[in-house]
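For reference, the structure discussed in these notes is given below.
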Amino acid sequence: IVRKLHVKIHFLFSVFSVGAGTTIIATLLWRDSIFRVLVSLGQRPIPAVLLVLQGLLALAGQCAFSKSLQHCRGVGVIIRNVDVVLAYALGIAVLGEIPSVLGCTGAIMVLGSVVVITIEQAQST
């Protein structure tokens, strides 16, 4: 969406609209769990501070990435979507996880889609 709209809208609009939408959906789906988590975080300030800091850093990273996607196309798609495959590799190599066949199939589909999109964009420029 960010690449298609290019510079027609401000990059913060896309970041905050997706964040607001997912927050509303998550709150509706997991309202009971969210309340329990908030109560437990209120009793332990250090994890709460770390959680807020993680959220702020993720917001800053997403803002920077959205801004960069407005100006460069192919490389941004590769970097953004290969994280799925890298997360699987990290889980297998470092954490000793054994992924399911369905999970591996999804990671391969993401990687294949990224390769196809990147090749198409390279040929069109």
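The values are calculated or read from the model by the stated rules, or taken from the named source; none is laboratory data. None of these values were measured; they are calculated from a predicted model. Using ideal geometry, Cβ is built from the backbone for each residue, glycine included, and neighbour counts are taken over all protein chains shown. Calculation scope for accessible area: heavy atoms of the full protein, side chains included, ligands and nucleic acids excluded. Shrake-Rupley method; radii C 1.70, N 1.55, O 1.52, S 1.80 Å.
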Output the residues belonging to segment 96-125 that are over 17 Å from D83 (Cα atoms) and either assigned to a helix (DSSP H, G or I) or modelled with pLDDT of 80 or more (or both).
G96, I98, S100, V101, L102, I119, E120, Q121, A122, Q123, S124
Is there a residue in segment 84-94 that is surrounded by 14 or more Cβ atoms within 10 Å (Cβ to Cβ), modelled with pLDDT under 75 and either assigned to a helix (DSSP H, G or I) or over 13 Å from the mean Cα position of the chain (by Cα) (or both)?
yes
Looking at segment 22-41, can you tell me whether even one residue there is more than 14 Å from the chain's Cα centre (by Cα), aliphatic (A, V, I, L, M), modelled with pLDDT under 80 and open to solvent by 70 Å² or more (accessible area, probe 1.4 Å)?
yes
Only residues that are more than 15 Å from the chain's Cα centre (by Cα), surrounded by 10 or more Cβ atoms within 10 Å (Cβ to Cβ) and farther than 30 Å from Q121 by Cα: list them for segment 45-75, please.
P47, A48, V49, L50, L51, V52, L53
